[in-house]
Amino acid sequence: MPEGDRRDGFAEPSHAAVAMTRLTLHGVALYAEGTLPTPGQEAPRFSLANAALQDVGLDHFGRCLKLLHTVPSLELPSCAASALQCEEQLRAWPDLALLVVSADLPFRRRLGAAGSRRAVELSCFRSPSFARAYGVDIVSGPLKGLLAPALLVIDERNRVLHAQLVREISAAPDLAPALAAVRGAAARHGATPVA
């Protein structure tokens, strides 16, 4: 029987090497498993829970530009502030979908309570494969089980245009390269920013 295949439907553990990325939290090392998708690659498919506990994936957002922002928890003020900053910087592109993903339970719209009007909060609480597929699965340290912060710009065909893993978890992501990718994609499709 091939490795990873069993008749009862459960895969046997693979012994293949797993990609590990060294991150820090206030200078203390911790690790994330998986590989961050690279520009040009198709974004891995996912099924995440929204606030209504419905499963949604990339196709749910149609053929539009998407900024996917993973954060450890929207309960942390720095993570909520980062998501709100993304929303503020993206206001010129009203058709862009801003997807904020955490391992938080999705019952309460944390960003909505903070004034967000367009961020879509998604939870990977019942989709553990998401974190590894996107290279953000924190597997050591005090934040084990949460998501490492990252920004990905994904085009209307679900191809990755930009990907950034934030190596110091307490730091804000660098929005400039993500915004440049958004501007470039919008220009290729004749979309102009709204003032």
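Derivation of every value follows stated rules applied to the coordinates shown; laboratory data play no part. Remember, predicted model here, so these are calculated numbers, not experimental data. Backbone-built Cβ (ideal geometry, glycine too); neighbour counts: all protein chains shown.
Listing for the model above:
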item: Cα gyration tensor category, rounded, prolate or oblate, for the range 32-188 with a/c compared to 1.5; result: rounded
item: Residues Val160, Val139, Val153 arranged by fewest to most Cβ contacts within 10 Å; result: Val139, Val160, Val153
item: Cβ-placed point charges (K, R +1; D, E -1), dipole of the range 32-188 about Cα centre in debye, nearest 20; result: 220
item: Extension gain (nm, one decimal) between Ala92 and Arg188, 0.36 nm per residue minus Cα-Cα; result: 33.0 nm
